Amino acid sequence: MSQYDLLVSRITNCTSCGLSDGRTNAVPGSGSLDADIMFIGEGPGFHEDRQGVPFVGQAGNLLNHMLSVIGLSREDVYITNMVKCRPPNNRDPFPGELEACAPYLDEQLELINPKVIVTLGRFSFTRFFPGQSIGRSRGKPRKWREYMVFPMYHPAAALHNPGLRPVLEDDFAALPGVIEQVIEQRTGEPEPEEQPAQQLSMFE
Ligand code: URA
C-alpha cells in the first residue's frame, strides 16, 4: 500500500474527534498527487459526506467552473478540507476538531508538495496566518514556510453573496501567474558557480 493509501485509510477509520460519530463517509481529498495546486476548503457538506468526495455540491460546481475558465480540471489539482468529516448541519468546525484533523493535512501537504496552496475561506487561511483578515489578504500570494499560499474567498461565500463572485473570478484568473512566479523563483536563482563572476564584474 502506498503512503497516500495508508493516509486515506487512517482518515476513513479515524475516531479522533466527535465528527466521526455523525459521518456517512470521511472525505480525505481528491485529485492528482502530483498537483502543482492544492485547494483547501473548510469541511464536507451533505453531498460530500454522502459521496466521500470534496466539493461535489453547489460550491463544488462553482469551483469546477472557475477551474475550467483557467483551463484546469479537478484531475489537474488536489482538493481537500480542513476537517475530513462533516460538521452537523454544516456548522463551523470547532477548534478541537480542527486540531484533531490537522496532522492529516500536514501529511497531505508533505506528500503532494504543491507549488501553490489555495486557501478557500477563512478556516484554511487562518491555518497558515492565524488571526489575519481574509478580506484584506485574498488575492495576495504569500510565503508560508516553503509554500506559496494564495488566499481566496470560499466559493460558498460567492454563492451567498453574488458581489464576491467577480472577486473570486479575478483571483482565479491570477492563479496561473502565481504558479509561474513560483516556478521562476525556483528556477531563476543564479547557479552557485555564476556568483563569483557576477560579484567581480560589480567592481570592474
Ligand atoms: N465546502 C467545503 O469547504 N468543502 C467541501 O468539500 C464542500 C463545501
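When the range 30-59 is filtered for residues that are near the ligand (Cβ under 9 Å from one of its atoms) and of a type in the set (Gly, Ala, Ser), the ones remaining, listed by number, are 41, 43, 45, 57, 59. Selection of the range 1-23 for residues being touching a residue at least 40 places away in the same chain (Cβ under 8 Å) and outside any helix (DSSP H, G or I) yields 14, 16, 17, 23.
Each row is one residue, and each column tells you yes or no for (1) of a type in the set (Gly, Ala, Ser); (2) closer than 19 Å to residue 83 by Cα.
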{"residue": "108", "(1), (2)": "no, yes"}
{"residue": "119", "(1), (2)": "no, yes"}
{"residue": "122", "(1), (2)": "no, yes"}
{"residue": "126", "(1), (2)": "no, yes"}
{"residue": "132", "(1), (2)": "no, no"}
{"residue": "144", "(1), (2)": "no, no"}
{"residue": "156", "(1), (2)": "yes, yes"}
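Looking across the range 60-85, the residues that are open to solvent by less than 10 Å² (accessible area, probe 1.4 Å), in a loop (DSSP other than H, G, I, E, B) and within 10 Å of the ligand (Cβ to nearest atom) come down to 83, 84. Would you mind stating whether residue 33 is aliphatic (A, V, I, L, M), touching a strand residue (DSSP E or B) at 6+ places or on another chain (Cβ under 9 Å) and either closer than 21 Å to residue 160 by Cβ or open to solvent by 50 Å² or more (accessible area, probe 1.4 Å) (or both)? It is true that residue 33 is aliphatic (A, V, I, L, M), touching a strand residue (DSSP E or B) at 6+ places or on another chain (Cβ under 9 Å) and either closer than 21 Å to residue 160 by Cβ or open to solvent by 50 Å² or more (accessible area, probe 1.4 Å) (or both).
Remark: residue 93 falls outside the filter, which requires a residue to be touching a helix residue (DSSP H, G or I) at 6+ places or on another chain (Cβ under 7 Å) and surrounded by fewer than 20 Cβ atoms within 10 Å (Cβ to Cβ).
The values are calculated or read from the model by the stated rules, or taken from the named source; none is laboratory data. Since this is a predicted model, take the numbers as computed values, not measurements. Neighbour counts are summed over all protein chains in view; Cβ atoms, including those assigned to glycine, are modelled from backbone coordinates with ideal geometry. Side chains are part of the model used for accessible areas, which takes the heavy atoms of the whole protein and leaves out ligands, DNA and RNA. Shrake-Rupley method; radii C 1.70, N 1.55, O 1.52, S 1.80 Å.
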